[in-house]
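Asker: Questions regarding the structure given below will be posed in turn.
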Amino acid sequence: MPELPEVETVRRDLDARVVGRRVVTAVVTGKRTVRRQTAAELCGALEGRTVSEVRRRGKYLFAPLDDGAALVVHLRMSGQLQLVPARPGGRAMAPHTHAVLYLDDGSELRFVDPRTFGELFVTRDLRPGGLPEALCSLGVDPLTDEFDAAVLGRLLGSARTTVKSFLLDQRRIAGIGNLYADEICFRAGILPVRRTETLQAREIRAISEALTSVLDAAVQARGSTLGDARYRDLAGNHGSYQEHHCVYGRAGEPCRCCGTTIIRSRVAGRSAHYCPTCQS
DNA sequence: AGACAAGCCTGTACGC
DNA sequence: TGCGTACAGGCTTGTC
């Protein structure tokens, strides 16, 4: 399940390898992959265009093009981008390949998505800073300098919900999914069910610190690859942050800090993993 | 066979 | 009334 660290890993690789490349041909075969426009419109908007840069907001990737439009990609649960180098005879398409951008150096950028929740679209509707209008409802991105403990404090101060729901709300902070929400709560020593109204100043600082340190470490490790919807980077390699998970996917196992059995319960309709001793 | 996992959107219901 | 929040349903498919 790609969340911020996984999407950022893909963004960095795309930025290094696809910027300056021109799309020669675009082919969409998935029926659900392009929803906000027709596949022909998307392909027409991409063909002949050069990728200027690759940016990210929360879990969304967007690539401004040389004509002022931007390609937007969301991987949702099972989406994956593959960059397949030019090779005589080509390389077989993975099952569930729904779109392919053929680039001017012979490489192919492929969108693979078994559960078909992911989507691509091209938009010309951009804010002055270049952010697509469609992404403007997203909250602050925690890897930017727009985010710090003071900003988090203000956001938490106006919320009346659980810490888990707060962290998952993309309109407040963009990029955190179920996995990193649980890891951040553990690192901060806060239970996922804690009400935001009850947080002390020192706990808000702890959440801020945990948020930054967990996401930074996960980006360093090139994301988490778990058994289910296995995340892969552009080249097909997996991340390694799962080796550092303290709670997510560890229900029934001993806490790495105190040995207490990690609990799994439901919070805000989602699975939540926590240590009942280390978190309060 | 059927439940479940995930992210996000939509619609509806609720409390203050 | 209106705002913020809660919750359920829909979308999908591989895995247990």
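Asker: Would you call residue A:78 under 13 Å from residue A:33 (Cβ atoms) and of a type in the set (S, T, N, Q)?
Answerer: yes
Asker: Please list, ordered by residue number, the helices (runs of 4 or more DSSP H) wholly in the range A:157-228 having 1 or more residues that are away from DNA strand C (no atom under 16 Å from the Cβ).
Answerer: A:178-188, A:201-220
Yes/no per residue for (1) in contact with a Phe, Trp or Tyr (Cβ under 9 Å, 6 or more places away or on another chain); (2) crowded, with 17+ Cβ neighbours inside 10 Å:
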| residue | (1), (2) |
| --- | --- |
| A:120 | yes, yes |
| A:130 | yes, no |
| A:133 | no, no |
| A:137 | no, no |
| A:153 | no, no |
| A:163 | no, yes |
| A:171 | no, no |
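Asker: Any idea how many residues of the range A:242-259 are closer than 18 Å to residue A:78 by Cα and away from DNA strand B (no atom under 12 Å from the Cβ)?
Answerer: 1
Asker: Next up: Which of the numbered conditions does residue A:71 fail, given that it passes all the others? Conditions: (1) aliphatic (A, V, I, L, M); (2) buried (at least 20 other Cβ atoms within 10 Å of the Cβ); (3) farther than 19 Å from residue A:129 by Cβ; (4) more than 16 Å from DNA strand B (Cβ to nearest atom).
Answerer: In the conditions (1) aliphatic (A, V, I, L, M); (2) buried (at least 20 other Cβ atoms within 10 Å of the Cβ); (3) farther than 19 Å from residue A:129 by Cβ; (4) more than 16 Å from DNA strand B (Cβ to nearest atom), residue A:71 misses (3) alone.
Asker: Which residue pairs have Cβ atoms closer than 9 Å, lie 6 or more positions apart in sequence or on different chains, and pair a first residue in the range A:123-152 that is touching a residue at least 24 places away in the same chain (Cβ under 8 Å) with a second residue that is assigned to a strand (DSSP E or B) and among the hydroxyl-bearing types (Ser, Thr, Tyr)?
Answerer: That search, which allows pairs on different chains as well, returns A:132/A:60; A:132/A:123; A:134/A:60; A:134/A:123; A:135/A:60; A:138/A:60.
Asker: What strands (runs of 3 or more DSSP E) lie completely within the range A:1-110 and have 3 or more residues being over 30 Å from residue A:172 (Cβ atoms) and out of contact with any Phe, Trp or Tyr (no Cβ under 7 Å at 6 or more places or on another chain)?
Answerer: So the answer is A:23-28, A:80-84, A:97-103.
Asker: Based on what the data block shows, is residue A:182 surrounded by 22 or more Cβ atoms within 10 Å (Cβ to Cβ), in contact with a strand residue (DSSP E or B) (Cβ under 6 Å, 6 or more places away or on another chain) and not aliphatic (A, V, I, L, M)?
Answerer: Answer is yes for this residue.
Asker: For residues that are assigned to a strand (DSSP E or B), of a type outside the set (A, V, I, L, M) and more than 16 Å from DNA strand C (Cβ to nearest atom), scanning just the range A:230-280, find the one that is nearest to the chain's Cα centre (by Cα).
Answerer: Step by step, filter the range A:230-280, then rank; the result is A:273.
Asker: Sticking with this one: Can you work out which of the residues in the range A:214-234 that are under 25 Å from residue A:260 (Cβ atoms) and free of Cβ contacts under 8 Å to residues at least 60 places away in the same chain is surrounded by the fewest Cβ atoms within 10 Å (Cβ to Cβ)?
Answerer: For the range A:214-234, the residue satisfying everything is A:227.
Asker: Give the residue, chosen from A:91, A:124, A:87, that is farther than 27 Å from residue A:178 by Cα and either at pLDDT 90 or above or of a type in the set (Ser, Thr, Tyr) (or both).
Answerer: That would be A:124, the only listed residue that is farther than 27 Å from residue A:178 by Cα and either at pLDDT 90 or above or of a type in the set (Ser, Thr, Tyr) (or both).
Asker: Here's another thing I want to ask about it. Need pairs with beta-carbon distance below 8 Å; first residue among the polar types (S, T, N, Q) and within the range A:198-213, second outside any helix (DSSP H, G or I); sequence gap 6+ or separate chains.
Answerer: So the pair list comes out as A:208/A:148; A:212/A:142; A:212/A:147.
The values are calculated or read from the model by the stated rules, or taken from the named source; none is laboratory data. Here the structure is a predicted model, which is why all the values come from computation and not from measurement. All Cβ positions, even for glycine, are placed from backbone atoms using ideal geometry, and neighbour counts span all protein chains on display.
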